[in-house]
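Reviewing the structure listed below.
FYI, it's all coordinate maths here, none of it is from the lab. As the structure is a prediction and not an experimental result, all values here were calculated from the model. No Cβ is skipped: glycine too gets one built from the backbone with ideal geometry, and neighbour counts run over all protein chains shown.
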Amino acid sequence: MSQPACSTANRARAFWVPAALLFCAVILVLNPLPFHTPVAPATPVADWVTDPAPVERPKLRPEYTVAVFDYRCSDCHRIIPSPAETDRRLTQHREIELAHGINTRCFNCHHRTNRDAFADDAGDEIPWDQPQRLCSKCHGPVYRDWQHGSHGRTNGYWDKTQGQQTRRKCIECHNPHRPTFRPMHPAPGPNTLRMGPQGHSAHAEVHDPLRLKWTTGHHGESATHQ
């Protein structure tokens, strides 16, 4: 290539390369075609949704707290005789709301003579820290599900060789005197690219960018492909 031709090419390169870079910089700054993601923004989730603490926080020992003092149940019941079965309102433990089906008597669950224990069907003692054995008197199928891990919650490691695994006891989720859960505000539903916002009403037809549709199939029949 001759010297004049090389000089012309170098001058052209010296002009167009900076011009192209300047054009790209202008495009980046002005952003005339901004990207719009089809993914919905993250939904705020309340702290209680991911809180690992149990719903109930019972004492797994026979203690009753009055002001700042803790007493064993037997401390009082050893010297104060319990009344016979009656429908009258409690004079003590008045904070208890009893709504447990047909279990309207204290002695359905509590041992008659040893208040530091529960009672099984034969009247024998069940240790206070084993309330699931008491619940199994009436809730056999649920108790078996709990034993096998399909009811309740498991904490720790699925692989027991990696660490300890513990099961939450019944009264750590259910109030023993009022076991039915009170109404709770549900956590927000999923909002993904395929599903769209999920509400409690019937699903309405919405635009789905991953669903391929056509209106005419074989023999003129409408068809939909997903």
Is any residue of the range 123-139 close enough, with backbone N under 13 Å, to a label point placed 7 angstrom from the Cα of GLN165 along the Cα-Cβ axis, and if so, which?
none
Cut-off under 5 Å, modelled amide H: who pairs with ILE126 long-range:
PHE118, ALA119, ASP120
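List GLU97, GLU125 from most exposed to least, where exposure is judged by having the fewest other Cβ atoms within 10 Å. Display every interim value, and only then the final one.
Details: GLU97 9, GLU125 13.
Listing GLU97, GLU125 from fewest to most nearby Cβ atoms yields GLU97, GLU125.
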Label-point gap, in nm, between ASP75 and ASN10 - each point 7 angstrom along Cα→Cβ:
9.9
Quickly work out the MET184-to-THR50 label distance, labels modelled 7 Å from Cα along the C-beta direction, and quote it in nm with one decimal.
1.7
Aspartates and glutamates whose Cα lies under 14 Å from that of LYS169, excluding same-chain neighbours fewer than 8 positions away
GLU56, ASP129, ASP145
Other-chain or far-sequence residues with amide H under 5 Å of ARG178's (modelled H):
ALA99
